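The values are calculated or read from the model by the stated rules, or taken from the named source; none is laboratory data. Remember, it's a predicted structure, so these values are computed and weren't measured experimentally. As a convention, Cβ positions derive from the backbone with ideal geometry for all residues, glycine included, and neighbour counts pool all protein chains shown. Each accessible area value is taken on the protein alone, full model and side chains, heavy atoms only, with ligands, DNA and RNA left out. Shrake-Rupley method; radii C 1.70, N 1.55, O 1.52, S 1.80 Å.
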Amino acid sequence: MPTDAAAKGVKLERYASGGALLMRRVASGKFVAASSHLLFRATVLATLALVFLFAFHYPSLLSHSISLVSADASSSTSSRLHASHRSLLMSSSATYGGEKWEKEIRRSAKPRRDGGISVLVTGAAGFVGAHCSLALRARGDGVLGLDNFNTYYDPALKRGRQRLLSDRGVVVLDADINDALLLEKLFELVPFTHVLHLAAQAGVRYAMEAPLTYVASNVAGLVTVFETAAKHADPQPAIVWASSSSVYGLNTETPFSEDHRTDQPASLYAATKKAGEAIAHSYNHIYGLSITGLRFFTVYGPWGRPDMAYFSFARSIVAGEPITLYADARRDFTYIDDVVKGCVGALDTAGRSTGNARSGKKTGPAPLRVYNLGNTSPVPVTRMVAILEKLLGKKANKRVVAMPSNGDVPFTHANVSHAAHDFGYRPTTSLDAGLRHFVDWFVDYYKLDAKIVKATGAVVDKKKPATTKKKAAAGKSASS
């Protein structure tokens, strides 16, 4: 709760005396509700402003006639910057349609068990998306993936995840969430029961370099998914989407609870996720979409994102390069298998949407939920590095600096009591165990030398591609 006068229920009331306006404080509980409404309206207005800004600068991304041709080498500086920005948003020039294509879509999305669900997973070639898709497929659910394979980090890792999914019969389309016509076609072909919307532009610091990329994916892309599901899906699916623990921003109350304030984002990334939660409220209220937001806390594990600290530190330690640590930084590191169980639990308990795409009306209120998915045990980042040093058998060249003003926060700590109560979420993986699983995969995937293999205890079959055995292991792990 805020500690200012508004949170204490104190109202300022103006009154005139002798032609002069005086201010007096009058205690009133009504102001709390009024300020809450004002805060929500301000958030919605800020969201609309972000969407307008994006549409003004990049109208072609919101139209149905998107050109996938990159800028000519002789283009102006502004054109090159525009093309570079769009390369992070757009898929390759893949073509869709035809009887064979539609048959593959339906086959992938069809459940293989009685009572199974059919899930459209956006960002399916991403870290969390790939693991969730594997888990859903392993239990017999229908899964269709979508990913734009952007260049925020090496697309080869995303293609590797795509191959892993393909081996298990999951199709991952090379497409973008802003392609509304494609989404409409998919909802026409398949009566999805759920959407697991994990596609997003991640990373706190990169938002300072390419801010409109975050608006395009995390705001406009989210609106496209909600809009299409609300108006073109019959029946409407329940939607579970990735918010972020970053929404807690400058909040100092710990552990972070869904009941805490989230109106002080410390980065543009966090602001776009907070805007997403406001947008979710609107689509739930107007169209009756069942929407669940999940606030992830520093997810790590095999097949992870190279931009994450644990991954980049491992690479630097192996290469003998220095790493930069922020003094006193602590994170609630959450292993991927625990997060997958939380995502699946949220899907299974989502409840139905109550809207009708044809009439545009809803029959009643639909579930609107938000949950923390963390490990509940903040660990100093220096401790994480020490574990990596032990597992990799090599000391890190550390450089400790003060926390910069780049959007990072000094600590995160999740209260998961709501998720535990509603769908039995209970993280069980310690940082030591989780990092061992990661390093085993890391050593195998990058074909590291014998010294590191000996230190980690990993087994690498030199006669086979280094990814083969660990890919299978990662699939089993994510499905457990």
task = Would you mind getting the Kirkwood hydrodynamic radius of the range 184-262 from its Cα pairs, rounded to one decimal in Å?
result = 14.7
note = In this structure, the FRET efficiency calculated for Ala433 and Arg261 from their beta-carbon separation, with R0 = 30 Å, to the nearest 0.05, is 0.30
ask   = According to a simple spin-label model (label point 7 Å from Cα along Cα-to-Cβ), what is the distance in nm between Glu253 and Thr349?
value = 2.2
ask   = Past the 22 Å Cα-Cα mark, which pairs from Lys110/Lys185; Lys158/Lys447; Lys103/Lys185; Lys158/Lys394; Lys394/Lys447; Lys103/Lys341?
value = Lys158/Lys394; Lys103/Lys341
Stokes-Einstein D (µm²/s) once Rh is taken as the Kirkwood radius of the range 167-306 over alpha-carbon pairs, at 10 °C in 1.306 mPa s = 98
task = Using only the C-alpha atoms of the range 275-335, find the volume of their convex hull and express it per residue in Å³.
result = 130
query = Which percent of the accessible heavy-atom area of the range 250-316 goes to carbon and sulfur, probe 1.4 angstrom?
reply = 51
inquiry  = Computing the accessible area with a 1.4 Å probe over protein heavy atoms, can you report the carbon and sulfur percentage for the range 171-212?
reply    = 56
remark   = Computed over the range 87-182, protein heavy atoms only, probe 1.4 angstrom, the accessible area per residue in square angstrom equals 38
message = Checking the cross-link filter: which aspartates and glutamates have an alpha carbon closer than 12 Å to that of Lys273, excluding same-chain neighbours under 8 positions apart?
response = Asp263
request  = List every residue whose amide H lies under 5 Å from the amide H of Val121, counting only residues 5 or more places away in sequence or on a different chain, with H placed 1.01 Å from N in the peptide plane.
outcome  = Leu144, Gly145, Leu146, Leu196
task = Take the Cβ-Cβ distance between Met403 and Glu99 as r, set R0 to 45 Å, and report the resulting FRET efficiency rounded to the nearest 0.05.
result = 0.20
Carbon plus sulfur fraction of accessible area for the range 332-455, probe 1.4 Å, in percent = 53
key: Phi-based couplings in Hz for the range 141-153 (Karplus 6.51, -1.76, 1.60; Gly and Pro marked x)   = 7, x, 9, 10, x, 9, 7, 9, 6, 5, 9, 4, 9
inquiry  = Before I look further, what does the range 186-286 give for accessible area per residue, probe 1.4 Å, in whole square angstrom?
reply    = 32
Proximal charge balance of Ala386 [Cβ under 13 Å; K/R count +1, D/E count -1] = +3
request  = Using just the alpha carbons, could you tell me how many Å³ per residue the convex hull of the range 315-417 encloses?
outcome  = 174
